[in-house]
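Reading through the structure tokens given below for one structure.
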Amino acid sequence: MQKTDAIRVAALERLLARCAELSDREKTLVTGMSTAVVSKLLSSMVGKINETTTTNEAQALSYARMVDELFDLNLADGVAELCDT
């Protein structure tokens, strides 16, 4: 998920550059919130793929490929490896 974190960091840096008046505490809070939002979004997506893997490997791989295509996250290879085990 390096790509998502790179996108998050780049967006955060742009925001912080425009909001120079934020205190260190406020910057820390905004940084934490950005990390939490991205983590929650990805966690639900990856969780659903992992859950589906236990019951329907073909569908899980299909989900992973769709997510990979939509978000360019390279999840399909990881799920394919899980399905092969």
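Computed from the coordinates by the stated procedures, all read-outs in this text should not be read as laboratory data. Keep in mind that what you see is a predicted model, and the values were worked out from it rather than measured.
List the lysines whose Cα lies under 23 Å from the Cα of K48, skipping any in the same chain that are fewer than 8 positions away.
K3, K40
For the range 2-84, build the convex hull from the C-alpha positions and give me its volume per residue in Å³.
Output value, Cα hull per residue: 80 Å³.
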